[in-house]
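Notes to accompany the following structure.
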Amino acid sequence: MCFCLVFLWTENYGDKTSNVSSSLKNAVHSIKSDPRILSLGLIQSLFEGSMYTFVLEWTPALTPILTSSSDSHHSNRGTIPHGYIFAGFMVAIMIGSSLFKLLIKYTTVDSFMRPTLLVASISLAVPILYPTHQSCIFISFVVFETCVGIFWPAMSTMRGKYVPEETRATIMNCFRVPLNLIVVCILLQNFHQTTIFKCCVMFLLLATLCQIWLHRHLQESESRNKLKLNSDDVSESL
């Protein structure tokens, strides 16, 4: 298989004739002219920023602090089964993807993403409220990973519906700049673990607000389109 890929699969270099500056201008224009694109970009940056920060923080959050009996001020970390925990996270993501397939049969993506983002923010608030309860924290992290499993196909679906294909890659890359800044700034400041999770919760709540606004905007647009169609039908009948 590898032999066939190396010698028979030609490299896809994309459109070599495209101008980078013009693509960037078109992407910025699309973001400014369509609030749905701006909302999706903010949701992606805020959620993925929280997710990548979580990737670096779940191990210390789940590792219990052991206090030495000889010195109450001296403490070190215990050990946890990283492999089993990570496997549990991956299973939770698979469950989230399966839930997406069920949810999309009964409601729209922009509708069920509102409670999904809210649940994700609540789940990352557990390490803040119960920092020493490893069992509760693990359950909340599994719930968060389930939300991650719902997020990926949901975001891909919304991008395919609302972001134009010719500028989709450039637009999404524009929003990866604040995404990376979020993660790097949080990690370089060497914040306390509780502060880091507070930032993640705040980002996810902002993403929830953006999703609520997007859902309302789409509902208003749909109602306007229905009114326009009804008025056109009435005028044609007259």
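The values are calculated or read from the model by the stated rules, or taken from the named source; none is laboratory data. Worth saying up front: this structure is predicted, and the values here are computed from it rather than measured. Backbone-built Cβ (ideal geometry, glycine too); neighbour counts: all protein chains shown. With ligands, DNA and RNA removed, areas are computed over all heavy atoms of the protein, side chains included. Shrake-Rupley method; radii C 1.70, N 1.55, O 1.52, S 1.80 Å.
So here's what we get for this one:
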{"item": "Top-ranked residue in segment 14-35 [being open to solvent by less than 70 Å² (accessible area, probe 1.4 Å) and of a type outside the set (Ser, Thr, Tyr); ranked as modelled with the lowest pLDDT]", "result": "GLY14"}
{"item": "First in segment 89-109 and touching a residue at least 40 places away in the same chain (Cβ under 8 Å), second anywhere and open to solvent by 80 Å² or more (accessible area, probe 1.4 Å), Cβ under 9 Å, 6 or more apart", "result": "ILE93/TRP152; GLY96/TRP152; SER97/TRP152; PHE100/TRP152; VAL109/LYS161"}
{"item": "Among residues of segment 95-111, those that are over 19 Å from VAL142 (Cβ atoms), open to solvent by 50 Å² or more (accessible area, probe 1.4 Å) and assigned to a helix (DSSP H, G or I), counted", "result": "4"}
{"item": "Condition check for LEU5: more than 14 Å from ARG168 (Cα to Cα), open to solvent by less than 100 Å² (accessible area, probe 1.4 Å) and either outside any helix (DSSP H, G or I) or at pLDDT below 90 (or both)", "result": "yes"}
{"item": "Tally of residues being open to solvent by less than 40 Å² (accessible area, probe 1.4 Å) and free of Cβ contacts under 8 Å to residues at least 60 places away in the same chain across segment 112-133", "result": "4"}
{"item": "Boolean, ALA120 is small (Gly, Ala, Ser) and closer than 24 Å to PHE89 by Cβ", "result": "yes"}
{"item": "Filter pass, ASN225 being part of a helix (DSSP H, G or I), more than 14 Å from GLY41 (Cβ to Cβ) and modelled with pLDDT under 90", "result": "yes"}
{"item": "Failed item in (1) under 25 Å from VAL183 (Cβ atoms); (2) at pLDDT 90 or above; (3) of a type in the set (Lys, Arg), with ARG77 passing the rest", "result": "(2)"}
{"item": "Filtered residue count, segment 149-180, keeping only those that are open to solvent by 30 Å² or more (accessible area, probe 1.4 Å) and either more than 21 Å from LEU117 (Cα to Cα) or of a type in the set (Ser, Thr, Tyr) (or both)", "result": "11"}
